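Input: a single structure, listed below in structure tokens.
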Amino acid sequence: MNFSKLLVASILSLGVCAAMAQTPAGPGGPGPGAGPGGGPGQRMSPEERQKFCQASPEKCAQARENMEKRREEWKKKCDADPKACEEKKAQMKERHEEWKKKCDADPKACEEKKAQMQQRHEEWKKKCDADPKACEEKKAQMQQRREEWKKKCDADPKACEEKKAQMQQRRQGMPPPPAK
């Protein structure tokens, strides 16, 4: 699998994680689904978060700072274009409901998918713990590619939507990734 396919699969799987996350306190509230770095991942309970912050206060402070930045960016975008903001919220709600229906229809498959994603996350974490520098380089490279993708989409939204549709079709017909 080449890097671009891996990148697309990673981005799409993150979207699945976000769509499947259910927060008992409501959207954006504390509960299962937000990692210490903010963004998609395993959410921590207040006790786990407290232990994490005690173990690594600098990472905790960075996570809080990143979350505040994302909130500010989201608020600015919503203030600038409330209609687009509402559309995005509706889109996210729709995706969440789709995944909830799928999980309600086949809870076993849903749990297997969650376990698979958790395993991939743990494998990634082991690799990062073994070679933090390579991990940071990979993260920076992925961030750069996301930014390039965003610029292309901003420049030509129609072409971007067509590409997303193509990727969605391909993803539905793709076999699972090979076991390592």
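All of the numbers you see were taken from the coordinates with simple rules; none came from a lab. These numbers come from a predicted model, not from an experiment. All Cβ positions, glycine included, derive from the backbone under ideal geometry; neighbour counts span all protein chains shown.
When the C-alpha atoms of segment 38-116 are aligned to their principal axes, what extent does each axis show, in angstrom, from largest down?
Cα extents, longest axis first: 42, 38, 18 Å.
Excluding residue 132 itself, calculate the net charge of residues whose Cβ lies under 15 Å from the Cβ of residue 132, where each Lys or Arg counts +1 and each Asp or Glu counts -1.
Neighbourhood net charge equals +2.
Taking 0.36 nm per residue of sequence separation and subtracting the Cα-Cα distance, how much length would be gained by fully extending the chain between residue 123 and residue 172, in nm to one decimal?
15.2 nm
Pop a pseudo-label 7 angstrom from the Cα along the beta-carbon direction at both residue 50 and residue 145 and give the gap in nm to one decimal.
Distance between the two pseudo-spin positions: 4.1 nm.
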